[in-house]
Every structure is written in C-alpha cells, then in structure tokens.
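So the structure is just underneath, and the comments pick up after that.
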Amino acid sequence: MKVLIIDDEKAMHLIMKRMLGKIGEVKIMGSFQETTAAYSYLNDHDVDLIFIDINMPRESGLEFAQRLRESGRQTKLVFVTSHREYALSAFDVYAYDYMVKPVVQERLHQTVQRALSERLPDPVPAEQESSVIRVLFNCLGRMEIRSIRNEIVKWKTSKSAELFGYLAIHKGGLVTRERLIEDIFGGMPRKNAEVYLNTTAYQLRKLLDANGLKGSLHSDSSHYALNLNHARVDLFSFEEGCRQMTVVEDADIERALALEQLYAGELFGDRAYPWAWSEVERLSQ
C-alpha cells in the first residue's frame, strides 16, 4: 500500500514513519510539510492512503481535501489532528478516518488493515470503474444533495425529494409502482396518482442526470430502483460504521466520536414521512 504523509511538523513525519514502518505492506512514498508540493506529487503519482494534518499554513488539510475531491480524485484521506471539532467537516470531504493526536499504534494499525482489506486485487479499467463519488446525499437531520463542490442542489419539487428518500433507503432494491403510489401518493384518485408518480420520477431523473448520476434511476412498467454507487450517503456510512464498531475500545474513541457526529439528527430531518417512521426509530436507537 502506497502512503503519503502531509504535516507541517517535521517531528510528526518521524513519528508516523516509525509507526507505519511497523505495519507490513506499507510503503511510504513521500512526506510533505505543505500541500502545494504534495498536490504536485499526486499529479504524477498514485497513492492509496494519505495521512494529513488539518491546521497547516497557507492551505488547511480540509481545503486540500476539497481541492482533491473537486479534481475527481478519490484517494483515501485520514486526518491526523490535535482537534476533535473538525470531525464533521472532515467527513463532508469524504474522510476515510479521523485520528486525534497523539496517534496510538493499535489505532493506526486498524485503519491501515481496514484499507488493505478493501483494495481490489487487480486494477479496474477506467471505463469499468464504479467507485467515483459524484454527489453527497445527506439524510440524517436533513434532506439534501450536495455536489462534489459541496454546493447544495435544489430539489425540483418536495415530492421528488420524497421519492429519492424512499428509493434511497431501499439501497438499490426494486420497489413496485403500487407501493410507491400507496405510500407517497395515497389519497389521490388512482389515475391522478399514476400521472403524479410519472411526473415526479421524470423530475428526479432530470435532476440526477444533471448532477453526475445519469442512469441511476431505473424504472420499468412495474418497478423503480435507485443506484447510488456514485453517491456518498451519510446514512450508509453511519450504519456501516456502527456495524463495524459493535464494541468501542479505548483505541476507537476518536473514531466513535466522529461517527456520533455523523448522526446529525433524525432520518430526513423535519420531513416527517409516515412511511419512514420505523426507520427513523431504528436509526435513532
């Protein structure tokens, strides 16, 4: 695994090199005290994991991460900082992990091993790559889509947002038209509900197509489904983090706190969809 270190403190370079040197399959490709040189290096080299400080002169680690994401790079970023309060901002730029100094060897080892376990055995051709994140969908405490530039995308209508949320929590599974009409458009005359569903799906498809998710909304004569392979969903990240952390050890405290901050509020915020009540309660617990 190819690793890069970015920190304005030389002492931290020595500490990280010594700790990473104790972990097998890790190759440190370079260490930088500021982001400009690191960014130039990344223009010509690929790395798997970047350990980066947040408070640095000229450009912060968060600003560097945002610039990296806007360029389309999805390199795993691990923030190593003395400050806990930036955790939520770090995950807004798709942080892989967040560590508070002083770094513990066991904690570092866990992060690297997790990254190693997720590597593909062989490079994936660019035309087949499905891991490029194009948008961020936040549904904990709110209901919003953000572009890769962290700009909020305006929903076409409130029903298009509701349809998105409904399909999103089914995680790519097929949902029948009958169920959508009953849960989202119930109370309308049948013919009106069918027209409203078709119109709402059209509006949602246009919005997704315009924001890098072309073809993500599947529909046929009887079903709808939403493919979110190109989106980062805070709900999914939260659930996966909880699944991996059934027991919180001392070495996991910082990661657990960051995971807690990811839960910004109840599912879909103040949009009280009756069909989502059971999920709201489950996630709250």
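Over 21 Å between C-alpha atoms is what I'm after, so list which of K191/K214; K154/K214; K171/K214; K17/K101 land there. Violating the 21 Å Cα-Cα cut-off are K191/K214.
Averaging the sequence gap over all C-alpha pairs within less than 8 Å and six or more residues apart, then dividing by the number of residues, gives the stretch 126-266 a relative contact order of 34 percent.
Pairs of Cα atoms nearer than 8 Å and 6+ residues apart set the relative contact order; for the stretch 15-168 it is 16 percent.
For the stretch 151-232, the set of chymotrypsin sites (Phe, Trp or Tyr not before Pro) satisfying both a DSSP loop assignment and a count of at most 14 other C-beta atoms within 10 Å is empty.
Sorted largest first by accessible area at a 1.4 angstrom probe radius, with every protein chain in place, the residues I28, I133 fall in the order I28, I133. By the gyration tensor of its Cα atoms, with a ≥ b ≥ c the square roots of the eigenvalues, what is the shape of the stretch 1-78: rounded for a/c under 1.5, prolate for a/b over b/c, or oblate? Verdict is oblate for the stretch 1-78. Ordering of 215-221, 96-102, 21-27 by packing is 96-102, 215-221, 21-27, highest average first (other Cβ atoms within 10 Å, averaged per residue).
Write down the percent of antiparallel bridges among all DSSP beta bridges whose residues are both part of the chain, to the nearest 5. Taking every DSSP beta bridge with both residues in the chain, the antiparallel ones total about 40 percent. Considering only Cα atoms, the convex hull volume of the stretch 1-156 works out to 133 Å³ per residue.
Straight-line cross-link partners of K159 among the aspartates and glutamates, defined as a Cα under 14 Å from its Cα and at least 8 positions apart when in the same chain: E144, E182, D183, E194. Here are some values of semi-axes √(5λ) of the Cα gyration tensor in Å: (i) 39, 20, 16; (ii) 28, 25, 19; (iii) 43, 22, 15. Which one was computed from this structure? Of the labelled values, this structure produces (i). Could you name the aspartates and glutamates in cross-link range of K22, using Cα to Cα under 14 Å and dropping any fewer than eight places away on the same chain? Once the sequence-local aspartates and glutamates are set aside, what remains near K22 is E106.
Label the stretch 56-95 by shape, choosing from rounded, prolate and oblate, from the square roots a ≥ b ≥ c of the eigenvalues of the Cα gyration tensor; if a/c is under 1.5 it is rounded, and otherwise prolate applies when a/b is larger than b/c, oblate when it is not. The shape class here is oblate.
Cross-link partners for K10 among the aspartates and glutamates, with Cα-Cα distance under 18 Å and sequence neighbours closer than 8 places in the same chain left out: E34, D53, E59.
The values are calculated or read from the model by the stated rules, or taken from the named source; none is laboratory data. What you are looking at is a predicted structure, and each value in this text was computed from that prediction instead of being measured. Positions of Cβ are backbone-derived with ideal geometry, glycine not excepted, and every protein chain shown enters the neighbour counts. When the accessible area is computed, the model is the full protein with side chains, heavy atoms only, and any ligands, DNA or RNA have been set aside. Shrake-Rupley method; radii C 1.70, N 1.55, O 1.52, S 1.80 Å.
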